[in-house]
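Heads up, the thing below is written out as structure tokens.
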Protein chains: 2
Amino acid sequence: MAEDLDLVLERTLDAPRELVWKAWTDPSLLKRWFAPKPYEISEVELDLRPGGIFRIRMVGPDGFDTGHGNPGCILEVRDGERLSWTSALGPDYRPAIMGEGCESFPMTAIVTLADTGDGRTLYRAVALHANAADRDTHARMGFQEGWGKCADQLEELACELAAEPVR
Amino acid sequence: MAEDLDLVLERTLDAPRELVWKAWTDPSLLKRWFAPKPYEISEVELDLRPGGIFRIRMVGPDGFDTGHGNPGCILEVRDGERLSWTSALGPDYRPAIMGEGCESFPMTAIVTLADTGDGRTLYRAVALHANAADRDTHARMGFQEGWGKCADQLEELACELAAEPVR
């Protein structure tokens with residue numbers, strides 16, 4: 001089963017779906033939650049269209065630095081519902097050159113949002129891998145803890161946005 | 001320049017654009033021209049939507065056989081105008097496992113059709129590679145001759161379709 005090659009994070013976030021989407025797709029907001037603290041996102045490029053670039057640079061207090069990061073490619077954008085991108089391709093679908101660390105294997109990420117009906121959001125992030133070895137590498141790198149911690153930060157930020165006065 | 005990593009075939013085909021598109025996107029028609037004769041396409045899977053499968057099996061009188069072929073992924077479908085797919089991903093965007101021969105490196109193909117204004121079709125097929133080595137491998141495998149011969153066969157088939165009585 002291909003699904004066996006996936007890693008999945010599923011959470012119910014106590015924030016409205018449109019604000020979770022906003023925190024995901026506005027680069028200046030994405031920067032604030034997409035790295036598990038104390039790591040930080042120092043650079044974001046996000047061109048929200050199929051074929052558009054998705055690139056981040058992550059840095060840490062321990063000197064960790066992804067460098068400019070390998071540019072990935074946005075695959076699907078369904079407003080407020082679904083965002084997919086892959087590291088197997090770069091912008092405009094050119095096959096990517098693999099990098100180091102968490103960029104050393106190709107991965108496709110599919111993020112879906114759904115209303116729970118009580119103002120909360122079902123948040124699902126799935127990482128698709130080519131084979132079991134890549135899946136296991138990704139799991140050992142801390143997919144669950146990393147994406148889990150980021151989901152907490154995402155929820156917190158979306159709640160802050162909800163509390164802000166509408167301008 | 002990223003474009004330096006591309007291989008490009010450009011031809012003006014003496015056939016109407018909608019029939020060239022039809023010959024490209026109807027699996028039973030694709031089968032008739034997509035391999036340079038005497039090679040043949042013995043199997044086609046083509047699910048014409050972003051994320052859909054594109055898989056072919058090519059066989060030759062010399063015993064050449066790609067086997068079932070690595071399933072690639074359709075990226076863009078703009079009716080009558082543009083079709084893109086990649087071998088870097090499989091169906092539903094899962095990163096692909098590379099195969100052998102012409103499937104040993106990741107490639108994205110972008111096919112565009114345009115009216116010339118006199119009933120003919122400007123046909124452009126671009127192969128995008130990750131690096132110069134893959135581009136050169138693909139060139140040595142005979143990209144120009146192979147795609148060129150297939151373009152002749154495509155033109156011939158589209159002309160046959162044009163000559164058929166409308167049913």
* To do: Might you let me know whether region A:76-83 holds any residue that is surrounded by fewer than 21 Cβ atoms within 10 Å (Cβ to Cβ), of a type in the set (A, V, I, L, M), more than 10 Å from chain B (Cβ to nearest Cβ) and part of a strand (DSSP E or B)?
  => yes
* Select from region B:125-137 the residues that are surrounded by fewer than 19 Cβ atoms within 10 Å (Cβ to Cβ) and either under 12 Å from the mean Cα position of the chain (by Cα) or part of a helix (DSSP H, G or I) (or both) and list them in ascending order. => B:V126, B:A132, B:A133, B:D136, B:T137
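Would you mention how many residues in region A:84-114 are assigned to a loop (DSSP other than H, G, I, E, B), within 13 Å of chain B (Cβ to nearest Cβ) and of a type outside the set (A, V, I, L, M, F, W, C)?
The total comes to 6.
Test of understanding: among B:T12, B:T66, which residue is farther than 28 Å from B:D92 by Cα and out of contact with any Cys (no Cβ under 7 Å at 6 or more places or on another chain)?
Only one candidate qualifies: B:T12.
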* Candidates B:S28, B:S42, filtered to the one that is over 21 Å from B:V126 (Cβ atoms), more than 14 Å from chain A (Cβ to nearest Cβ) and either of a type in the set (D, E) or in a helix (DSSP H, G or I) (or both) -> B:S28
* To do: Can you tell me which residue among B:E155, B:E103 is among the acidic types (D, E) and at pLDDT below 95?
  => B:E103
* Asked: So B:G51 clears everything in (1) assigned to a helix (DSSP H, G or I); (2) over 13 Å from the mean Cα position of the chain (by Cα) except one condition, right? Which one?
  -> (1)
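The values are calculated or read from the model by the stated rules, or taken from the named source; none is laboratory data. Every value quoted in this text rests on a predicted model; they were computed, and no experiment measured them. No Cβ is skipped: glycine too gets one built from the backbone with ideal geometry, and neighbour counts run over all protein chains shown.
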